[in-house]
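Input: a single structure, listed below in structure tokens.
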């Protein structure tokens, strides 16, 4: 029961943080565009996320006549469950499970997110949603390869899949400083994985109306929205653990987490959308060779350290 209450407590706070992350995004976008953003609901707009959530869930539900009804209804719940399932990895000393294979669990769960996009695009039976689904499949496959190789390189360096070991080993130096190109490559791949600007091709408003979720409204859209933003927050958390020397019992860790979330918003407000062929060129011709080179470098580094240890 203690485990169950711990998970429930964590999930409630994740959902609340998703709401305030949307408020942060609207405020930052507003100030970057020289306007104020939400200010009316509550003090300085602090209750705006709850107002938006109530509006979405109380809206009338509509169903496309040609859609595959059951799959169409289940898909947003599947996406939400998948995104919240990754939060099991949040590292705790007590009352939660400690994963010895945390990196593998992250790769397994993050690769499942593509199925939600596929099923949403296909079950709506719409040309626009199907196009968004096909785009997101090719994009996710391309960038997951580089993402997996980057994580494999760090596994060879740390010799463990456990996230707690990453925290202990970064007490003296952050991994960002010993592998800055990988850090920048990781950030870019994470933006592509979470379908954020400048890689938001599954939701290209200018050519696909709204992409894979074009037929969803009300509660279904809210579930897809929450799943996307909770995945973004978790990816920021994961980045802090991997690269930014994170002791999650300190306030500095959460400041770094908020800064990473701010970085995602900053990039959205600054950069235009990539061209699709350039997106694929970047994945296969730039990030994949770089991640392979760093993987070989880490293998050599580990071999040298083992050799000197035995000497």
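Okay, residues lined up against (1) closer than 24 Å to residue 263 by Cα; (2) exposed (fewer than 12 other Cβ atoms within 10 Å of the Cβ):
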| site | (1), (2) |
| --- | --- |
| 19 | yes, no |
| 33 | yes, yes |
| 42 | no, no |
| 46 | yes, no |
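Listed by first and then second residue, the pairs linking a residue in the stretch 238-251 that is on the phi > 0 side of the Ramachandran plot and surrounded by 18 or more Cβ atoms within 10 Å (Cβ to Cβ) to a residue that is in a loop (DSSP other than H, G, I, E, B) and modelled with pLDDT of 85 or more, with Cβ atoms under 6 Å apart and 6 or more places separating them unless they lie on different chains, are 245/174. The residues of the stretch 157-174 that are part of a helix (DSSP H, G or I) and within 20 Å of residue 253 (Cβ to Cβ), listed by number, are 158, 163, 164, 165, 166, 167, 168, 169. Can you find even one residue in the stretch 142-153 that is touching a residue at least 12 places away in the same chain (Cβ under 8 Å), part of a helix (DSSP H, G or I) and either within 9 Å of residue 212 (Cα to Cα) or in contact with a strand residue (DSSP E or B) (Cβ under 7 Å, 6 or more places away or on another chain) (or both)? No, there is no match, as no residue in the stretch 142-153 is touching a residue at least 12 places away in the same chain (Cβ under 8 Å), part of a helix (DSSP H, G or I) and either within 9 Å of residue 212 (Cα to Cα) or in contact with a strand residue (DSSP E or B) (Cβ under 7 Å, 6 or more places away or on another chain) (or both). Inspection of the stretch 56-78 identifies no residue that is crowded, with 19+ Cβ neighbours inside 10 Å, farther than 16 Å from residue 220 by Cβ and touching a helix residue (DSSP H, G or I) at 6+ places or on another chain (Cβ under 9 Å). Return yes when residue 23 is in a helix (DSSP H, G or I), closer than 24 Å to residue 257 by Cα and without any contact (Cβ under 8 Å) to a residue 40 or more places away in the chain and no when it is not. So residue 23 fits the description; yes.
Residues checked against (1) part of a loop (DSSP other than H, G, I, E, B); (2) over 30 Å from residue 181 (Cβ atoms); (3) free of Cβ contacts under 8 Å to residues at least 60 places away in the same chain:
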{"site": "55", "(1), (2), (3)": "no, yes, yes"}
{"site": "74", "(1), (2), (3)": "no, yes, yes"}
{"site": "99", "(1), (2), (3)": "yes, no, no"}
{"site": "107", "(1), (2), (3)": "no, no, yes"}
{"site": "115", "(1), (2), (3)": "no, yes, yes"}
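Of the residues in the stretch 266-302, how many are in contact with a helix residue (DSSP H, G or I) (Cβ under 9 Å, 6 or more places away or on another chain), more than 21 Å from residue 145 (Cβ to Cβ) and either modelled with pLDDT of 85 or more or assigned to a helix (DSSP H, G or I) (or both)? Adding up the residues that qualify gives 7.
Screening residue 127 against (1) under 30 Å from residue 67 (Cα atoms); (2) buried (at least 19 other Cβ atoms within 10 Å of the Cβ) leaves a single unmet condition, (2). Looking at residue 177, is it in a helix (DSSP H, G or I), buried (at least 19 other Cβ atoms within 10 Å of the Cβ), at pLDDT 80 or above and over 17 Å from the mean Cα position of the chain (by Cα)? No; evaluated as a whole, the condition is false for this residue. Residues in the stretch 147-165 include none that are modelled with pLDDT of 85 or more, within 18 Å of residue 274 (Cα to Cα) and surrounded by 18 or more Cβ atoms within 10 Å (Cβ to Cβ). Only one of the numbered conditions (1) surrounded by fewer than 17 Cβ atoms within 10 Å (Cβ to Cβ); (2) under 22 Å from residue 27 (Cβ atoms); (3) at pLDDT below 85 is violated by residue 255, and that is (3).
The values are calculated or read from the model by the stated rules, or taken from the named source; none is laboratory data. Computed from a predicted structure; not experimentally measured. All Cβ positions, glycine included, derive from the backbone under ideal geometry; neighbour counts span all protein chains shown.
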